[in-house]
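Remarks on the structure that follows.
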Amino acid sequence: MARRMGSEEWATAALAEIAAAKTVADVEALRVQYLGRQGRVTRELRAMAGLPPDERRARGAVLNACKADIEQALAQQREVLTRAEQAQRLEAERLDMTLPGVPPAWGTMHPITRVRRRLADVMVRLGFTIRTGPELETEWYNFEALNMPAEHPAREMHDTFYLEAPYVLRTHTSPFQIRAMREAGGELPLRVATLGFTYRRDDDATHTPQFMQMEGLVVDRGIGLPDLKGVVLAVVRDVFGPTERVRLRPSFFPFTEPSAEVDMSCPLCLGAGCRVCHTGWIEVLGSGLVHPRVLEAGGYDPREVSGFAFGWGVERVAMLLYGLDELRPLYQNDVRFLQAFDAWGAW
Ligand code: DAH
């Protein structure tokens with residue numbers, strides 16, 4: 001090789017430099033240095049232009065030999081270094097298959113979801129159909145149709161998030177009663193329930209601006225308070241246990257007549273009276289016989305049919321069931337709190 005290159009010392013030096021290159025990047029730099037547009041080889045070739053023809057031919061042969069040798073040396077060194085770098089990377093990035101894996105973060109079912117499913121399940125077994133209604137309601141469905149005209153004092157307890165008229169975030173699931181009746185088109189019997197979010201301007205230890213209610217409605221001929229009590233008792237016993245009792249206490253709601261609050265025997269002290277319930281009873285829901293005006297708004301004739309309805313706070317059920325004294329953690333998404341409910345298994 002050196003013979004072909006004659007006395008071109010720079011070329012001999014180039015071959016040594018290339019052989020000594022330590023990285024692929026160095027090889028590339030040398031390629032530019034010798035073969036690039038301003039490279040040594042290129043410059044030497046260009047300088048031949050001024051030589052007489054004989055000398056030019058001889059010089060051309062030498063320079064081409066130099067160029068070929070340099071190209072070959074570059075290719076060879078590039079390959080050697082590429083392999084070495086690859087081998088080094090494979091070694092450095094080797095996967096240790098014996099290391100323990102990263103366990104996936106399992107979710108747990110949210111307590112509200114558990115209770116909601118449980119309640120929906122009881123209602124279905126009692127012959128109710130579960131449906132949904134919109135959380136964005138019109139004032140008419142949320143208030144007027146439920147016998148709460150604009151000036152009705154009961155509206156104060158339902159201070160809510162008003163949107164562009166006529167919309168509000170529903171303050172309770174009761175507007176579902178109207179929607180269900182109108183959809184049923186007078187069909188009997190009507191047995192429907194819904195579980196969904198509701199909204200009020202409330203925020204303290206036992207109230208959150210967003211909360212969930214379950215609403216049940218039955219319309220048929222000859223429906224009375226015993227039907228209401230039987231259904232409520234069945235639900236309470238299913239969720240809290242077979243020894244529970246319930247009682248109806250007279251109350252007032254604009255959309256029922258008569259109206260009743262339903263208490264259940266305290267599941268903590270079994271009705272004996274304790275720190276939580278004081279009296280042995282715990283208030284769990286609002287209910288009553290559907291007001292004639294509400295039946296009318298739903299398209300039913302109150303002289304022919306009657307019905308009962310009830311509205312139940314789902315968080316309330318969760319608090320009692322899991323012994324919570326605060327409601328807010330249910331909505332703060334702290335996984336440590338939520339994971340504690342795994343102890344309830346499939347619930
Ligand atoms: N909608 C009532 C509330 O949120 C609860 C309620 C009371 C629902 C009586 C009913 C009922 O269906 O009959 O305060």
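The values are calculated or read from the model by the stated rules, or taken from the named source; none is laboratory data. Worth saying up front: this structure is predicted, and the values here are computed from it rather than measured. So basically every Cβ, Gly included, is an ideal-geometry build from the backbone, and we count neighbours across all protein chains shown. The protein model used for the area step is the full one, side chains on, heavy atoms only, and it has no ligands, DNA or RNA in it. Shrake-Rupley method; radii C 1.70, N 1.55, O 1.52, S 1.80 Å.
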In debye to the nearest 20, the charge dipole size for the chain, taken about the Cα centre with +1 at each Lys and Arg Cβ and -1 at each Asp and Glu Cβ, equals 1360 debye
Note, ALA84: beta-carbon cut-off 13 Å, +1 each Lys/Arg, -1 each Asp/Glu, net 0
Out of ARG200, ARG57, ARG179, a Gaussian network model of the chain with alpha-carbon springs under 10 Å gives the largest mean-square fluctuation to ARG57
Diffing region 135-150: the Karplus 3J(HN,Hα) column from phi (6.51, -1.76, 1.60, θ = phi - 60°), in whole Hz with x for Gly and Pro, holds 7, 8, 10, 8, 4, 5, 5, 6, 10, 3, 5, 9, 6, 10, x, 3
The answer for the chain, accessible area per residue at 1.4 Å probe in Å², is 56 Å²
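Compare the peptides 69-79, 154-164 by average per-residue count of other Cβ atoms within 10 angstrom and give them in order, highest first.
So the order, starting with the most tightly packed, is 69-79, 154-164.
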Toy charge model, Lys and Arg Cβ at +1, Asp and Glu Cβ at -1: region 197-289 dipole around Cα centroid in debye, rounded to 20, equals 240 debye
Sorted largest first, the C-alpha extents of region 8-92 along its principal axes in whole angstrom are 58, 19, 16
Expressed as a whole-number percentage, the relative contact order of region 111-344 with C-alpha contacts under 8 angstrom and at least six residues apart is 21 percent
For the chain, any Cys whose C-beta has no other cysteine C-beta under 4.7 angstrom counts as unpaired, and these are CYS66
Under the 7 Å Cα-to-Cβ spin-label approximation, ARG303 and ALA47 lie apart by a distance in nanometres of 12.1 nm
Mean projected area (nm²) from the convex hull of Cα positions in the chain is 34.5 nm²
Placing +1 on each Lys and Arg Cβ and -1 on each Asp and Glu Cβ in the chain, then taking the dipole about the Cα centre, the residue among THR42, GLY299, THR108 whose Cα reaches farthest towards the positive end is THR42
In whole angstrom, the spacing between the Cα centers of region 181-231 and region 246-270 equals 14 Å
Per GNM of the chain with C-alpha springs under 10 angstrom, the most fluctuating residue out of ILE18, ILE178, ILE223 is ILE18
Which of GLY36, GLY127, GLY222 fluctuates most in a GNM of the chain (C-alpha springs under 10 Å)? That residue is GLY36
